[in-house]
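Reviewing the structure listed below.
The values are calculated or read from the model by the stated rules, or taken from the named source; none is laboratory data. Please read all numbers here as calculations on a predicted model, not as lab measurements. So basically every Cβ, Gly included, is an ideal-geometry build from the backbone, and we count neighbours across all protein chains shown. When the accessible area is computed, the model is the full protein with side chains, heavy atoms only, and any ligands, DNA or RNA have been set aside. Shrake-Rupley method; radii C 1.70, N 1.55, O 1.52, S 1.80 Å.
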Amino acid sequence: MSLALAFSTLTILLGCGFFAAGSIGLLRLPDLFSRLHALTKADNLGLGLVIIGLLPWVDSPWQGLKLVLIWLLVLLAGATGAHLVAKRALRGDGEDLK
Amino acid sequence: MKTLALIAALALLASMSLGLIQVLRGPSAADRMMGVQLLGTNGIGVLLLLAIALGLPALLDVALIFALLAAVAAAALTRRRLQGPP
C-alpha cells in the first residue's frame, strides 16, 4: 500500500461520500432552494476530492492541469446554473415554486 | 489503483441513479433540471475515474465537453422560458 495509493484511496472515497451526500440531499430536502444548495456545493466538493485523488496517477503534468481545469469549469458552471435557476424561481412567473 | 477507480465509478453510478429518481419525481421543471445537473456532475466524475483506470486520456476531453453541455443546459432552461412561448 504505497503512500500515493493510500492518499488517493482516502480522497476518492471521501469524494464519493460527498457525491452521495449531494444526491441524498437533493432527494430529501423539502425546498427548491435547499436542494440547490445540496446539489451545487456537495457535488463540486466531491468532484474536487476525486480529482485530487486522481492527480498522482496522471500520465503527464498537462493531464493533471486538464483535470484541474475541468474542475474549475464545473465550479463556474454549477455556480452560474444555480444562480440562474434560483433567480428564475424567485422572480419568474412562479411556475417553479409549485 | 485500477480497482479503486472502478469501485468509485460504481459508487458514482449508484448516486446517479438517485438523481434519476429526482428527475422523475421533481414537481417543477427546475427540480428536474437539477436532477439532470446531478447526472452531469456525477457523469464527469465517472468519466475522469475511468480515464485514469483504463488509461484512456481521450476520456478527459469527453468529461470536458460534458461539463460544457451541463452548463449550457441549465442556462438554456432558464433563459428560454423567460421569453414565454417560442
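Do we find a residue being outside any helix (DSSP H, G or I) and either more than 8 Å from chain A (Cβ to nearest Cβ) or surrounded by 19 or more Cβ atoms within 10 Å (Cβ to Cβ) (or both) anywhere in the stretch B:35-46? Looking for residues that are outside any helix (DSSP H, G or I) and either more than 8 Å from chain A (Cβ to nearest Cβ) or surrounded by 19 or more Cβ atoms within 10 Å (Cβ to Cβ) (or both), one finds none in the stretch B:35-46, hence no. Within the option set A:LYS66, A:LYS41, being open to solvent by 70 Å² or more (accessible area, probe 1.4 Å) and within 26 Å of B:LEU69 (Cβ to Cβ) holds for one residue only, A:LYS41. Here A:SER23, A:SER8, A:SER34 are screened, and the one residue that is touching a residue at least 40 places away in the same chain (Cβ under 8 Å), of a type in the set (S, T, N, Q) and either part of a helix (DSSP H, G or I) or surrounded by 19 or more Cβ atoms within 10 Å (Cβ to Cβ) (or both) is A:SER8. Taking the stretch B:19-51 as the range and being of a type in the set (Val, Ile, Thr) and at pLDDT below 90 as the test, the residues that pass are B:ILE21, B:VAL23, B:VAL36. If you go through the stretch A:54-68 and pick out every residue that is part of a helix (DSSP H, G or I), of a type outside the set (D, E, K, R) and at the interface with chain B (Cβ under 8 Å from one of its Cβ atoms), you end up with 4. Taken over the stretch B:1-27, the criterion of being loosely packed, with under 15 Cβ neighbours inside 10 Å and either among the β-branched types (Val, Ile, Thr) or within 7 Å of another protein chain (Cβ to nearest Cβ) (or both) is satisfied by B:THR3, B:ILE21, B:PRO27.
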